[in-house]
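What follows is calculated from the coordinates using simple rules that are stated; it is not laboratory data. Model, not experiment: these values are computed from the prediction. Cβ placement follows ideal geometry from the backbone for every residue including glycine, while neighbour counts extend to all protein chains displayed.
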Ligand code: UT7
């Protein structure tokens, strides 16, 4: 078989801010209830960053943990990609701030903005460097402070989101060009800008000059999510050359337990293969997949050599899926 270079995940790390906000906490000042939130979303609680913690601060801790797991140090890192929709500043990129805070040498650093799909998009972008031998040690990070975008008077959105960061280290390794190779094996990325009005932030530096608030037509997004994600999953599996049913773990974006289960059912994945953190983390946008991966690795379910399926959907609309062997 032909030798190919693969981008292999060699370390995973996550970070959740200490402060926990329960559904009951929210029900004290929003017209909602613990029962409604649990039944409609599966969420029990979410983490909230302190006022002095920005996306780069969460990202740095997740990255340090991922580097430690990979047996690498900041000195080894030559590429940093941060998927975020809540950057510290309009510019510089959060990735450049992470580079400085970690003390990495001069290299490549930039952000990817695809909202909740950002981590899947960022993995694909990083693969373009690592699998071409242009990066020897890449950090791909999803980091979000989504609670900063909440309108706390909008019960349809403010109960859904939380803050956190997850990171992976990607390194090049020789593969055989076979599905037994470790590394990123297949992708499907999608966007449909005509659906912008279903999920967006109603402000920004180039329009209102304000940060804006997240707005969502939840039930419309829900419908699109189940149908579109299923198509992308099949396309990513085909790109990787594996049947969907052969994946060991399904690690989806954690927006809503009903979406996770609906998608798994639709593509024929056993419910026991779904890693779900939605109850504890809520929707942490681009951070949710690496945080769920970190959880699965930490609790011993997800092991090296296993086949993983990641998927996400978010504002844009954007969506996508990735198949990788850990
Ligand atoms: O990560 C980006 C992708 N985002 C998603 O994937 C989110 C997708 N959407 C969803 O998860 C769900 O649509 C929601 C959880 C947002 C909403 O669930 P739903 O079952 O689609 O509810 P709905 O929006 O159709 O609203 C049903 C009712 C409404 O009341 P009426 O009009 O029937 O009287 C809402 O006002 O539920 C009400 N409602 C609430 N009630 C209590 C909406 N939010 C709340 C709330 N507490 N927090």
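General remarks:
- Estimated 222 nm signal from helices in the chain, with DSSP H stretches of n ≥ 4 weighted -39500 (n - 2.57), rounded to 500: -9500 deg cm²/dmol
- Rounded FRET efficiency, nearest 0.05, which uses the C-beta distance separating residue 174 from residue 248 and R0 of 25 Å: 0.65
- Each Cα pair under 8 Å and six or more residues apart adds its sequence gap; the mean of these over the residue count of the chain is a relative contact order of 25 percent.
- Antiparallel beta bridges, as assigned by DSSP with both residues in segment 183-325, represent about 80 percent of the total such bridges.
- Here 78, 154, 111 are placed in order of increasing Cβ neighbour count within 10 Å, fewest first, which gives 154, 78, 111.
- A viscosity of 1.002 mPa s and a temperature of 20 °C, combined with the Kirkwood radius over Cα pairs in Stokes-Einstein, give a translational diffusion coefficient for segment 4-175 of 128 µm²/s.
- The fewest-to-most ranking of 253, 272, 234, 281 by surrounding Cβ atoms within 10 Å reads 272, 234, 281, 253.
- A full extension of the chain between residue 134 and residue 22 corresponds to an added length of 35.9 nm, given 0.36 nm per residue minus the alpha carbon distance.
- Contact order normalised by residue count of segment 136-238, Cα under 8 Å, 6+ apart, percent: 27
- Equivalent-ellipsoid semi-axes for segment 183-325 (Cα gyration tensor, √(5λ), whole Å, largest first): 27, 17, 14.
- Multiplying the residue separation of residue 38 and residue 110 by 0.36 nm and subtracting their alpha-carbon distance yields 22.3 nm.
- Of all DSSP beta bridges in segment 4-175, antiparallel share, percent nearest 5: 70
- Principal axis dimensions, segment 154-263 - Cα atoms, whole angstrom, descending: 51, 30, 27
- Average Cα contact separation per residue, segment 183-325, under 8 Å, 6 or more apart, as relative contact order %: 37
- Expressed as a fraction of 2.2 N^0.38 Å, the C-alpha radius of gyration for segment 105-156 is 1.53.
- Sorting 39, 144 by the number of Cβ atoms found within 10 Å of their own Cβ, with the fewest placed first, yields 39, 144.
- Kirkwood Rh in Å, taken over all unlike Cα pairs in the chain: 19.4
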